[in-house]
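As structure tokens, the structure follows; a few thoughts come after it.
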Amino acid sequence: QVQLVESGGGLVQAGGSLRLSCAASGNILRFNVLGWYRQAPGKQRELVAVISAGSWNYADSVKGRFTISRDNAQNTVYLQMNSLKPEDTAVYYCNAKLLFPRVADYWGQGTQVTVSS
């Protein structure tokens with residue numbers, strides 16, 4: 001059973017920074033894709049950033065401000081968030097995806113990020 005535990009959320013003023021962590025049970029090298037998603041009230045869950053096989057992809061809204069990284073030794077994925085804006089307020093979820101032998105998605109419980117103006 002895969003467990004993903006997020007931490008690092010909180011309340012921050014606009015322009016501030018937070019670093020989210022996602023600790024996985026077991027070796028994260030087995031996952032094909034690791035990423036962060038977010039869901040704001042009344043909105044659908046959206047992709048924030050993903051990392052796979054040495055490549056990174058970001059939502060346009062966070063490019064240049066957020067950075068996704070991984071520490072394989074610690075089985076942890078991070079999301080460094082700088083220059084935060086009120087519109088970044090959401091629950092942030094960690095995701096780990098397997099593509100073989102079939103697609104399987106694993107999610108954390110989410111961590112709240114609130115950016116005040």
Legend entry - Per-selection Kirkwood Rh - the chain (Cα, Å, 1 d.p.): 14.2
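Ignoring ligands, DNA and RNA, what accessible area per residue does the chain give at 1.4 Å, in Å²?
Numbers: 6300 Å² over 117 residues.
Per-residue value: 54 Å².
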Legend entry - Extension reserve of the Gln44-Leu11 stretch, reckoned as 0.36 nm per residue once the Cα distance is removed: 9.7 nm
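Leaving ligands, DNA and RNA out of it, report the carbon-plus-sulfur percent of the accessible area of the chain at a 1.4 Å probe.
Details: 3100 of 6300 Å².
That fraction is 49 percent.
Rank these by accessible area, largest first, 1.4 Å probe: Glu46, Glu87.
Working: Glu46 80, Glu87 125 Å².
Order by accessible area, largest first: Glu87, Glu46.
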Legend entry - Length-normalised contact order for the chain - Cα pairs under 8 Å, 6+ apart - percent: 37
Inset, instruction - Determine which residues of the range 1-24 fall in the zone a paramagnetic label at Asn72 would reach in this model, i.e. backbone nitrogen under 17 Å from the point 7 Å along Cα→Cβ. - result: 24
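Heavy atoms only, probe 1.4 angstrom, no DNA, RNA or ligands counted: give me Trp56, Trp36 ranked by accessible area, highest first.
Working: Trp56 135, Trp36 0 Å².
Greatest to least solvent exposure: Trp56, Trp36.
The values are calculated or read from the model by the stated rules, or taken from the named source; none is laboratory data. Just so you know, these numbers come straight off a predicted model, no measurement behind them. Cβ atoms come from the backbone with ideal geometry, glycine included; neighbour counts cover every protein chain shown. Side chains are part of the model used for accessible areas, which takes the heavy atoms of the whole protein and leaves out ligands, DNA and RNA. Shrake-Rupley method; radii C 1.70, N 1.55, O 1.52, S 1.80 Å.
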